[in-house]
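This report concerns only the one structure given below.
The values are calculated or read from the model by the stated rules, or taken from the named source; none is laboratory data. Owing to the predicted nature of the structure, the values given are computational and were not obtained by experimental measurement. Every residue, glycine among them, receives a Cβ derived from its backbone with ideal geometry; neighbour counts consider all protein chains shown.
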Amino acid sequence: MNKIKLGILGYGNLGKRVEIGVKQNPDIELIGIFTRRDPNTIKTVTGVPAYTLADLDSFKEKIDVLALCVGSAIDLPEVGPKYLKYFNTVDTYDNHDEIPAYLEKLEKIGNEYNKLAIVATGWDPGLFTKQKVLVESIIKTGIVDTFYGPGKSLGHSNAINAIDGVVDAVQITNSNKELIEAIKAGEATEYSAFDKHKRECYVVAKEGADQNLIKAEIINMKGYFVGYETIVKFVTLDELKKNHDTDSHQGLVLGVGEMADGTRTVIELKVAFESNASSTASIMLSNVRAAYRLAQEGKTGAVSVLDVPVGYLHHKSQAKQRKYI
């Protein structure tokens with residue numbers, strides 16, 4: 001069996017979890033970690049070699065898929081287009097409002113350079129995107145929506161950490177449980193994004209940094225906090241690590257509506273991740289497999305998770321998958 005040759009760009013929390021996750025995917029071989037940091041200062045979890053970003057030039061024929069394990073707010077809009085010219089890529093871009101434009105940009109580059117990108121392969125967007133479309137295909141009259149929490153949002157936390165003057169930050173999302181129950185009971189049919197969630201931001205600011213400016217930048221960040229109930233609290237680094245820095249997260253795709261004959265249907269698809277990063281890494285690795293299979297078939301450009309057949313994600317053969325039918 002020819003193994004899929006994987007490279008990881010970025011060695012933060014997600015990059016490390018993708019590295020560890022490879023051991024559960026025997027058809028994937030990790031070639032190396034590529035980082036902006038000095039590789040000599042990095043001791044990888046599995047002992048795989050670390051390289052500089054400049055070293056990627058010599059791996060163009062040695063890597064089948066490059067996993068882009070960097071943040072969405074700042075890095076991916078630059079890194080995604082840059083490396084798609086040389087590698088098939090998979091990322092976890094999570095700025096919902098900007099995904100169509102990001103996809104369009106990558107589509108042109110991928111087609112020009114005969115490479116393929118799979119975009120937004122986390123759990124939301126990503127796994128929940130597939131689930132929401134599935135539920136909406138069944139429930140056409142009613143409410144189909146997503147709720148998150150309690151738990152730490154990786155993308156939102158990374159977005160805050162990218163703000164000048166921030167040492168570290170954690171964003172905890174809590175869903176409105178009363179609203180969820182009201183929707184299920186048929187008592188709530190109209191509500192806003194503000195009603196759905198509360199976003200609690202715990203921020204450690206650099207000494208001398210203007211906390212008012214940091215707070216304003218957070219609550220006015222489009223695609224992340226605008227339109228949501230957002231609370232910003234400044235804490236010490238010790239307090240952040242002791243009381244707020246969790247890796248767990250939960251979520252729900254909820255569908256409530258009527259069928260054509262007036263009968264009522266409720267669909268709930270839930271996730272509970274002890275480690276948000278580890279679960280996201282596992283989802284990403286399944287899309288690495290899909291990117292490789294699609295590229296082998298000659299697919300180029302850029303696709304979202306909605307364009308990936310579910311069977312292409314699975315590590316078993318098509319014949320074995322059919323036993324689940």
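Looking across region 86-99, the residues that are in a loop (DSSP other than H, G, I, E, B) and in contact with a Lys or Arg (Cβ under 9 Å, 6 or more places away or on another chain) come down to 86, 87, 95. Listed by first and then second residue, the pairs linking a residue in region 123-138 that is within 16 Å of residue 265 (Cβ to Cβ) and in contact (Cβ under 8 Å) with a residue 24 or more places away in the chain to a residue that is crowded, with 21+ Cβ neighbours inside 10 Å and not hydrophobic (A, V, I, L, M, F, W, C), with Cβ atoms under 8 Å apart and 6 or more places separating them unless they lie on different chains, are 135/255; 136/255; 138/255. Would you confirm whether any residue within region 11-28 is farther than 22 Å from residue 127 by Cβ and of a type in the set (A, V, I, L, M, F, W, C)? Among the residues of region 11-28, not one is farther than 22 Å from residue 127 by Cβ and of a type in the set (A, V, I, L, M, F, W, C), which makes the answer no.
Residues checked against (1) β-branched (Val, Ile, Thr); (2) free of Cβ contacts under 8 Å to residues at least 40 places away in the same chain; (3) outside any strand (DSSP E or B); (4) loosely packed, with under 13 Cβ neighbours inside 10 Å:
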{"position": "283", "(1), (2), (3), (4)": "yes, no, yes, no"}
{"position": "291", "(1), (2), (3), (4)": "no, no, yes, no"}
{"position": "294", "(1), (2), (3), (4)": "no, no, yes, no"}
{"position": "298", "(1), (2), (3), (4)": "no, yes, yes, yes"}
{"position": "302", "(1), (2), (3), (4)": "no, no, no, no"}
{"position": "315", "(1), (2), (3), (4)": "no, no, yes, no"}
{"position": "321", "(1), (2), (3), (4)": "no, yes, yes, no"}
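Hey, does region 161-181 have a residue that's buried (at least 21 other Cβ atoms within 10 Å of the Cβ) and outside any strand (DSSP E or B)? Scanning region 161-181 turns up no residue that is buried (at least 21 other Cβ atoms within 10 Å of the Cβ) and outside any strand (DSSP E or B). Where strands (runs of 3 or more DSSP E) sit wholly within region 1-85, those with at least 1 residues that are in contact with an Asp or Glu (Cβ under 9 Å, 6 or more places away or on another chain) and buried (at least 22 other Cβ atoms within 10 Å of the Cβ) occupy 4-9, 28-35, 65-68. Is it the case that region 194-212 has a residue that's at positive phi, surrounded by fewer than 16 Cβ atoms within 10 Å (Cβ to Cβ) and in contact (Cβ under 8 Å) with a residue 24 or more places away in the chain? No, there is no match, as no residue in region 194-212 is at positive phi, surrounded by fewer than 16 Cβ atoms within 10 Å (Cβ to Cβ) and in contact (Cβ under 8 Å) with a residue 24 or more places away in the chain. Screening residue 151 against (1) in the same structural domain as residue 295 (by TED's automatic domain parsing); (2) in contact (Cβ under 8 Å) with a residue 24 or more places away in the chain leaves a single unmet condition, (1). Scanning region 208-225 turns up one or more residues that are acidic (Asp, Glu) and out of contact with any Phe, Trp or Tyr (no Cβ under 7 Å at 6 or more places or on another chain). Does residue 134 satisfy the criteria of being part of a helix (DSSP H, G or I), of a type outside the set (D, E, K, R), surrounded by fewer than 18 Cβ atoms within 10 Å (Cβ to Cβ) and touching a strand residue (DSSP E or B) at 6+ places or on another chain (Cβ under 9 Å)? In short, yes.
Checking each residue in region 133-176 for being within 21 Å of residue 187 (Cα to Cα) and basic (Lys, Arg) picks out only 140. Of all residues in region 78-113, those being touching a helix residue (DSSP H, G or I) at 6+ places or on another chain (Cβ under 7 Å), closer than 24 Å to residue 59 by Cβ and either not assigned by TED's automatic domain parsing to the domain that holds residue 8 or not hydroxyl-bearing (Ser, Thr, Tyr) (or both) number 11. Pairing residues of region 236-248 that are more than 23 Å from residue 271 (Cα to Cα) and aliphatic (A, V, I, L, M) with residues that are modelled with pLDDT of 95 or more and surrounded by 14 or more Cβ atoms within 10 Å (Cβ to Cβ), at Cβ distances under 7 Å and at least 6 apart in sequence or on separate chains, gives 237/167; 237/168; 237/204; 240/168; 240/170; 240/202; 240/204.
Residue 158 satisfies every condition listed in (1) modelled with pLDDT of 95 or more; (2) outside any loop (DSSP other than H, G, I, E, B); (3) more than 23 Å from residue 266 (Cβ to Cβ) except (1).
Against the test of being outside the structural domain of residue 118 (by TED's automatic domain parsing) and modelled with pLDDT of 95 or more, the options 285, 240, 294 yield a single qualifying residue, 240.
The selection criterion, being farther than 22 Å from residue 278 by Cβ and charged (D, E, K, R), holds for residue 132.
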